[in-house]
Amino acid sequence: MRRNDRSDYFNVDYGLASAAITTGSIAITTTESAYHGIEIVAGDTAKAIIIIYDSLGAGGNILERVNVTSADSLLNERYRPVMAKKGIYIVATGVGMSGTIFYGPKG
């Protein structure tokens, strides 16, 4: 039996931080990956809304939807990661929001 979630030289079983997330649409990875969580800081005057897709673009299966009220922050970590079969794509709205996503890329 082949285990696709077993770590080896290129596949890690812990989350890695991506590049910074800001407002807009961002392709995090275009290969199968383990989604471990997200940290978001909302802007001072706008609520942050982030939708994380198991997809190569906006649409498809949603891994998570995060709403953070203005001037607040959120750290959401998964004890067991969620496998994104196609890749991880984020659509983020909210003036002044920033954050990072944690994922384990497939080698």
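What pairs can you find where one residue is in the stretch 52-76 and assigned to a strand (DSSP E or B), the other is small (Gly, Ala, Ser) and surrounded by fewer than 17 Cβ atoms within 10 Å (Cβ to Cβ), and their Cβ atoms are less than 7 Å apart, with a gap of 6+ or different chains?
Listed pairs, sorted by first residue: Tyr53/Gly59; Tyr53/Gly60; Asp54/Gly60.
Could you list, in sequence order, the residues of the stretch 37-60 that are at pLDDT below 95 and within 13 Å of Val82 (Cα to Cα)?
Within the stretch 37-60, Gly37, Ile38 qualify.
Name the single residue, out of those in the stretch 70-102 being closer than 14 Å to Ile26 by Cα and among the hydroxyl-bearing types (Ser, Thr, Tyr), that is surrounded by the fewest Cβ atoms within 10 Å (Cβ to Cβ).
Only one residue tops the list, namely Thr93.
Which one of Thr29, Thr22 is out of contact with any Phe, Trp or Tyr (no Cβ under 7 Å at 6 or more places or on another chain) and at pLDDT below 95?
Thr22
The values are calculated or read from the model by the stated rules, or taken from the named source; none is laboratory data. Nothing here was measured: the structure is a model prediction, and the numbers come from that model. With ideal geometry, Cβ positions are generated from the backbone for all residues, glycine too; neighbour counts draw on all protein chains shown.
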